[in-house]
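Participant: To start, I am sharing the structure in question, which I have written as structure tokens.
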């Protein structure tokens, strides 16, 4: 193989994600320097955070993807050539390889992974979704048995793990989803206690029915009208973990926030977080998460797209709610 395909970001999103924002290019396979290795990527992760990475916002937790460079993403691949002492041909690795078939690395941020585990499990549970769910729920939420948790984006890769962890720890878990099929999945497959369909339900009536004693924890992945309804029902000393706001990622103006009086009256903790601040804690987070997986308490669902270029339109599934589980591109 002398050439490989990559996809560069060439425009900033103004709404829906379309082909005009990207350029498919052919690149020459580079010669390796000492301390480098070459990875053939087999599976690539699509994540809601990408919508923020594509924006021009420089006042964020991570610099935007520069126009004319390979779109940022994490993935799994196989080392096919190495001049690095710690990586050999055949090693299976996970890291930030971008939207491309091949990637050169010096090992920074790259981890070897168990070759016996399905790539869908690795990207759905042991990669960013599982780390994010574990960090947010336990380090910020500090859940206690008997409490009530509401998680938005509950059928998504992060929200589904949050809910299952909380349920395993003895909480009442309510998931916010965008379809009856997703509501059925989180209740009957994942064991959630209830679901709110934000598209069709009377939000106030449904929350009153499912959380008659109020809400202790809210894990926010999406934003939107449900945020205000949950905020109004938070119990004293409740905790709100703010992980994502996909409803506002491409909005011209952000949605108005709730009045802060309840923060004082209820002594609420509201904290946002992003995983780049905590990636150095990955071993501890995985040590916390892995026993739940080994005990069969964490199920996952992967939504796999075929071919590198499917990523271009695949990102829109985050806006429509059309993804059924963790979005993955199989190269």
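Participant: Determine if the range 144-155 includes at least one residue that is assigned to a helix (DSSP H, G or I), within 29 Å of residue 281 (Cα to Cα), in contact with a helix residue (DSSP H, G or I) (Cβ under 9 Å, 6 or more places away or on another chain) and at pLDDT 95 or above.
Facilitator: no
Participant: Sticking with this one: May I ask you to say which residue of 208, 193 is in contact with a strand residue (DSSP E or B) (Cβ under 7 Å, 6 or more places away or on another chain), surrounded by fewer than 19 Cβ atoms within 10 Å (Cβ to Cβ), modelled with pLDDT of 95 or more and closer than 23 Å to residue 231 by Cβ?
Facilitator: 193
Participant: Okay, moving on. Read through the list (1) in contact with a helix residue (DSSP H, G or I) (Cβ under 7 Å, 6 or more places away or on another chain); (2) assigned to a loop (DSSP other than H, G, I, E, B), then give the number of the only condition that residue 15 fails.
Facilitator: (1)
Participant: Please give the number of the condition residue 270 fails out of (1) at pLDDT 95 or above; (2) surrounded by 20 or more Cβ atoms within 10 Å (Cβ to Cβ); (3) within 23 Å of the chain's Cα centre (by Cα).
Facilitator: (2)
Condition check ((1) farther than 13 Å from residue 17 by Cβ; (2) in contact (Cβ under 8 Å) with a residue 40 or more places away in the chain; (3) surrounded by fewer than 18 Cβ atoms within 10 Å (Cβ to Cβ); (4) not assigned by TED's automatic domain parsing to the domain that holds residue 52) across all residues:
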position: 284; (1), (2), (3), (4): yes, no, yes, yes
position: 287; (1), (2), (3), (4): yes, no, yes, yes
position: 293; (1), (2), (3), (4): yes, yes, no, yes
position: 297; (1), (2), (3), (4): yes, yes, yes, yes
position: 307; (1), (2), (3), (4): yes, no, yes, no
position: 311; (1), (2), (3), (4): no, yes, no, no
position: 316; (1), (2), (3), (4): no, yes, yes, no
position: 319; (1), (2), (3), (4): no, yes, yes, no
position: 326; (1), (2), (3), (4): yes, yes, no, no
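Participant: Something else now. Quick check, is residue 267 in contact (Cβ under 8 Å) with a residue 12 or more places away in the chain and on the phi > 0 side of the Ramachandran plot?
Facilitator: Yes: the conditions hold for residue 267.
Participant: Tell me which strands (runs of 3 or more DSSP E) are completely within the range 216-331 and hold 3 or more residues being out of contact with any helix residue (DSSP H, G or I) (no Cβ under 8 Å at 6 or more places or on another chain), or say none if there are none.
Facilitator: In the range 216-331, 234-242 are the strands (runs of 3 or more DSSP E) which contain 3 or more residues that are out of contact with any helix residue (DSSP H, G or I) (no Cβ under 8 Å at 6 or more places or on another chain).
Participant: Here's a follow-up. Take the conditions in contact with a helix residue (DSSP H, G or I) (Cβ under 8 Å, 6 or more places away or on another chain) and under 16 Å from residue 329 (Cβ atoms) and apply them to residue 96. Does it pass?
Facilitator: It is false that residue 96 is in contact with a helix residue (DSSP H, G or I) (Cβ under 8 Å, 6 or more places away or on another chain) and under 16 Å from residue 329 (Cβ atoms).
Participant: Of the conditions (1) farther than 29 Å from residue 254 by Cβ; (2) touching a helix residue (DSSP H, G or I) at 6+ places or on another chain (Cβ under 7 Å); (3) crowded, with 18+ Cβ neighbours inside 10 Å, residue 168 satisfies every one except a single condition; which number is it?
Facilitator: Against the list (1) farther than 29 Å from residue 254 by Cβ; (2) touching a helix residue (DSSP H, G or I) at 6+ places or on another chain (Cβ under 7 Å); (3) crowded, with 18+ Cβ neighbours inside 10 Å, residue 168 comes up short only on (3).
The values are calculated or read from the model by the stated rules, or taken from the named source; none is laboratory data. Model, not experiment: these values are computed from the prediction. Using ideal geometry, Cβ is built from the backbone for each residue, glycine included, and neighbour counts are taken over all protein chains shown.
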